[in-house]
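Student: After the structure tokens below, expect a handful of questions from me.
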Amino acid sequence: MARTIWFLTGNAGKLKEATHHLQPLGYTVRQLVVESGTIVEPQADTLEEVAQSKIAQALLHLPNGEQSDDMVLVEDAGLFINALNGFPGVYSAYALETIGYNGILRLLEHLQSQDTIQCAQLRSAEFQAVAAMWMNGEILYGNGRCPGWIALESCEEEGFGFDPVFTPNDLDSFGEPLPPGEYGDESTHGKTFGALSIEEKQVYSHRSRALNDLLRQLPSA
Ligand code: IMP
């Protein structure tokens, strides 16, 4: 029988991405639903600390208890903008709620160039993600990053969060990110995450990479 992974998230976009990723590997992904306001997002310095705190809180709500074969997944991400010394970083959720992605566009308004590569360099940023999985009393961590840049304007077709304004760097033939603005074997042709399908986003996504890093450490389902 497929092993159940309870994913603690209130974000439908994240749930969809994780399911897309883990289901083909034989896991059943279910959303761990807890009453709103129950989970406290700690204001910590690193994504790992946030993830660790969320695992501890999630365990209190595990439907079949800690003795079952079930696993718990939490994932924490942040957008780190180089010209803003890494802001919003661990404060990304708060920044999205308060200034939104339009506020981010405004903060970078002075950083523009007619030259695409120079523009991408000036506005370079990266998503970082930590995925933490609790299984049999142990916590495993996976890390993923997705370098890219902040677009000049938003595009809101798909996705969530900062997707409308984040363009991932193209990838070389080994799937490794190229410098901002350079054209690669795998290319979004300058499109933001918000203009990509979920399948296209997975190729570049920090979350996919964090989950892959985690899965390398897991026994097969
Ligand atoms: P969280 O704390 O992991 O939920 O992420 C912090 C903030 O970054 C939230 O506001 C998310 O909406 C946003 N975020 C995380 N991952 C992504 C992504 O893949 N695309 C766009 N925004 C994201």
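Laboratory data are not the source of any read-out in this text; all were calculated from the coordinates shown. Bear in mind that the values here come from a model prediction, so they are computed numbers and not experimental data. No Cβ is skipped: glycine too gets one built from the backbone with ideal geometry, and neighbour counts run over all protein chains shown.
Student: What is the sum of charges, Lys and Arg at +1 and Asp and Glu at -1, for the other residues whose Cβ falls under 14 Å from the Cβ of Arg145?
Tutor: Summing Lys/Arg as +1 and Asp/Glu as -1 gives -4.
Student: Under 13 Å Cα-Cα from Lys54, which aspartates and glutamates qualify once same-chain neighbours fewer than 8 residues away are excluded?
Tutor: Within reach: Glu41, Glu75, Asp76.
Student: Now, a different point. Can you tell me the length gained on complete extension of the stretch Thr28 to Ser173, counting 0.36 nm per residue apart and subtracting the Cα distance?
Tutor: Net length gain for the segment: 49.0 nm.
Student: In degrees, nearest 10, range 0 to 90: what is the angle between the Cα axis of helix 47-59 and the longest Cα principal axis of the chain?
Tutor: For helix 47-59, the angle is close to 30 degrees.
Student: Follow-up question, since we're still on this one. Where the centroid of each part is defined by its Cα atoms, how far is segment 64-79 from segment 172-221 in Å?
Tutor: Between the Cα centres of segment 64-79 and segment 172-221 lies a distance of 23 Å.
Student: Still on this model: How do the peptides 192-202, 34-44 rank, highest first, by the average count of neighbouring beta carbon atoms within 10 Å per residue?
Tutor: 192-202, 34-44
Student: By counting other Cβ atoms within 10 Å of each Cβ, how are Thr116, Thr19 ranked from fewest to most?
Tutor: Starting with the residue having the fewest Cβ neighbours, the order is Thr116, Thr19.
Student: Based on DSSP H runs of at least 4 residues, each adding -39500 (n - 2.57), what is the mean residue ellipticity at 222 nm of the chain after dividing by all its residues, to the nearest 500 deg cm²/dmol?
Tutor: Only helices count here, giving -8000 deg cm²/dmol.
Student: Which of the lysines could a cross-linker bridge to Lys191, judged by Cα under 28 Å and excluding same-chain residues fewer than eight apart?
Tutor: Lys14, Lys16, Lys201
Student: How big is the chain by Rg and Dmax over its Cα atoms, in Å?
Tutor: 17.7, 59
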